[in-house]
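Notes follow the structure.
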Amino acid sequence: MSGFLRITRELQNLSMSLRMVALKPTFQKVVRIARDTIQELNKNVEFTTEGENTEIDRAVAEKLLDPLVHMIKNAISHGIEENAEDRAKSGKDLRAKVELRAYSKRGKIFIEVTDDGRGINTDIVYKKAIEKGLIDPNKTYSEAEIKEFIMLPGFSTAKVVDNISGRGVGMDVVKTQILKIGGKVEIQSTLNKGSTFTLEVPVNHAIMNGTIIEMNEQQFVVPTVNVKEFLQPENEQWIFTQQKRTMIKVREHIIPIVPLSTFFNNVKEPDHVPLVMILELDQELRAIPITNVINRQEVVVKPVGIEFSKLKYISGMSILGTGKVSLILDIDYLFKKEVEE
């Protein structure tokens, strides 16, 4: 039986490797479009690429071209200043820089489009979103949320719409396409310094070794590679802040807890926690209170639909052997959220 499983796994790995292609052909197409855009706008821009030999699933690679084209055009046309005098006033080189970079990390592919231009002016973006009726004027938004307005359908800061236009044109396409392949888009921008748009996409759509756990009577899948251990906590291990469990002491480590409110609205923290799952990422630890460990198995990963896009703690979903749909936890988000808080 063990021999059969080993051969099956080898066949699976071989078939997966046959689906992998380098990003080089996609990058070459983007380079041509970038040069045409620079020439058309008559801007002094140096466009560079890095990581074109990064491998990704063929099906994913084919769907990356349109999002990358929109991002590059936005960076060159609207990210970079209109004239050299504006750059000189900010103390920048007269020759602007736009970079397309790809790399793999923890079973995912990250593609970054970085420019050293004007950055995103959140005041302008907010006013434009209000003007177009895309957001609720009575609601308070954070800086990060305002930056994401540029990916709303119908948003643009362009005064005159042409074949290149302003920041926001086509960015809703970027978000929609990336969500369809189970990825997400992140924006980092500093006014007068520049912007970085990061696409985080799966290497493939196939199979992941997952651990199925239960929280609040719902099942979730956790990437097994991030599961360090499970333990039954003792009362003296808990560390409370403002009468809430915020950390747990495990041997020599003090580990922050990801509260259940991260996953569920209006949930009451239980008085008794039967199990704690310890997660590890980049030598950092996080703890999640759970009620049960169901199984460990290989699951077929499916991308998350647009209707689930607001659930940032989810990276995908899978249909289990029971026929139930189980959400896959986004470990990167859980660690990042803890830091942000």
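Just so you know, all these numbers are worked out from the coordinates, no wet-lab data involved. What you see is a predicted model; the values in this text were computed from it and never measured. Cβ sites come from the backbone with ideal geometry, for glycine too, and all protein chains shown count toward neighbours.
Please list the three semi-axes, largest first and in whole Å, of the ellipsoid equivalent to region 2-202, using sqrt of 5 times the eigenvalues of its alpha carbon gyration tensor.
34, 21, 14
On C-alpha positions alone, give me the angle between the axis of helix 65-74 and the longest principal axis of the chain, in degrees, nearest 10.
Compared with the principal axis, the helix lies near 50 degrees.
Which aspartates and glutamates, on any chain, are close to Lys132 with Cα under 20 Å apart, when same-chain ones fewer than 8 places away are left out?
Asp123, Glu143, Glu145, Glu148, Asp162, Asp172
Tell me the label-point distance for the pair Asp66, His272, using the 7 Å Cα-to-Cβ offset, in nm and rounded to one decimal.
So the label points at Asp66 and His272 sit 5.4 nm apart.
Calculate I(q)/I(0) for region 207-340 by the Debye formula, one identical point scatterer on each C-alpha and no solvent, and give its log10 at q = 0.09, 0.13, 0.15 Å⁻¹ to two decimals.
-0.25, -0.54, -0.72
What FRET efficiency, computed as 1/(1 + (r/R0)^6) with R0 = 22 Å and r the Cβ-Cβ distance, is obtained for Glu280 and Lys249, rounded to the nearest 0.05?
About 0.85, to the nearest 0.05.
Which of the pairs Lys147/Lys310; Lys127/Lys312; Lys29/Lys302; Lys244/Lys268; Lys43/Lys73; Lys105/Lys175 have their Cα atoms more than 19 Å apart in this structure? Don't skip to the end; give the middle numbers.
Working: Lys147/Lys310 15 Å; Lys127/Lys312 26 Å; Lys29/Lys302 28 Å; Lys244/Lys268 11 Å; Lys43/Lys73 12 Å; Lys105/Lys175 21 Å.
Exceeds cut-off: Lys127/Lys312; Lys29/Lys302; Lys105/Lys175.
Express as a percent, rounded to the nearest 5, the fraction of DSSP beta bridges in region 2-202 (both residues included) that run antiparallel.
Bridges in region 2-202 that DSSP calls antiparallel: roughly 80 percent.
Relative to the compact-globule scaling 2.2 N^0.38 Å, provide the ratio for the alpha-carbon radius of gyration of the chain.
Normalised Cα radius of gyration, the chain: 1.12.
Could you give me the ³J(HN,Hα) list for region 261-266, computed from phi with Karplus coefficients 6.51, -1.76, 1.60 and θ = phi - 60°, whole Hz, x at Gly and Pro?
Working through the residues one at a time gives 5, 5, 9, 10, 7, 6 Hz.
Mind checking which of Ile56, Phe197, Leu100 is farthest towards the positive end of region 2-202's charge dipole, using Cβ charges of +1 (Lys, Arg) and -1 (Asp, Glu) about the Cα centre?
Working it through, the farthest residue towards the positive pole turns out to be Ile56.
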